[in-house]
Amino acid sequence: MDKACGLRCDQTIRMGGARARHDYPEALRRIHYYDGETQKHLVFLTNNFVMPTLIIAAIYKRHCEIELFFRWIKQHLRLRGFYSNNRNGVVVQIWTAVCSHLLVAIAHQQLALPGSLHRTLQIISISALEKVPLHQLVAKNDTSISTVDIPIQLELNGF
């Protein structure tokens, strides 16, 4: 094994206990990796025998960062479900959501809009069809006045 890159061993194993062997009879891959940055020994079990060992170690090493990224996607991009079951459809939907988020973030910064980016995203999500400039949408309105000017919404195909 190449100790210079942190790899200690790459083994093919089977579960030892009778119940574990019954629950998962297939062979597993055990990778022992030493992370020089954190000075920790990491041991990974996987059923992937195709990918290179160092790629698997890098994926597992970054597991927490990947989980945080997906949590961020769920919280900020409002992807509650996918409209497609195939890979291309899911990728298109994620990239569309990321691009939309980035466009709003750029507009929020360039226009120096008040409040947080999260607030701006919320306002846009409920006011997407209103014919009002963005800076007016996010401006703080005085709701104590009895007459509130409600902007006219765009019509969709005559509705």
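The values are calculated or read from the model by the stated rules, or taken from the named source; none is laboratory data. Because the structure is predicted, anything quoted here is derived from the model rather than measured. Every residue, glycine as well, gets a Cβ built from its backbone with ideal geometry; the counts of neighbours run over all protein chains shown.
Among the residues of this structure, Ile59 counts as one that is of a type in the set (A, V, I, L, M) and either assigned by TED's automatic domain parsing to the domain that holds Ser100 or farther than 30 Å from Arg119 by Cβ (or both). A count restricted to the range 16-40 and to residues that are part of a strand (DSSP E or B), surrounded by 11 or more Cβ atoms within 10 Å (Cβ to Cβ) and not hydroxyl-bearing (Ser, Thr, Tyr) stands at 6. Pairing residues of the range 1-30 that are under 15 Å from Ile56 (Cβ atoms) and among the charged types (D, E, K, R) with residues that are in a loop (DSSP other than H, G, I, E, B) and modelled with pLDDT of 90 or more, at Cβ distances under 9 Å and at least 6 apart in sequence or on separate chains, gives Arg29/Asn47; Arg29/Asn48; Arg29/Phe49.
Taken over the range 113-133, the criterion of being part of a helix (DSSP H, G or I) and surrounded by 13 or more Cβ atoms within 10 Å (Cβ to Cβ) is satisfied by Leu117, Arg119, Thr120, Leu121, Gln122, Ile123, Ile124. Selection over the range 61-112 of residues that are within 13 Å of the chain's Cα centre (by Cα), surrounded by 11 or more Cβ atoms within 10 Å (Cβ to Cβ) and not in a helix (DSSP H, G or I) gives a count of 3. The set of residues in the range 60-85 being among the basic types (Lys, Arg) and over 15 Å from Ser100 (Cα atoms) consists of Lys61, Arg62, Arg71, Arg80.
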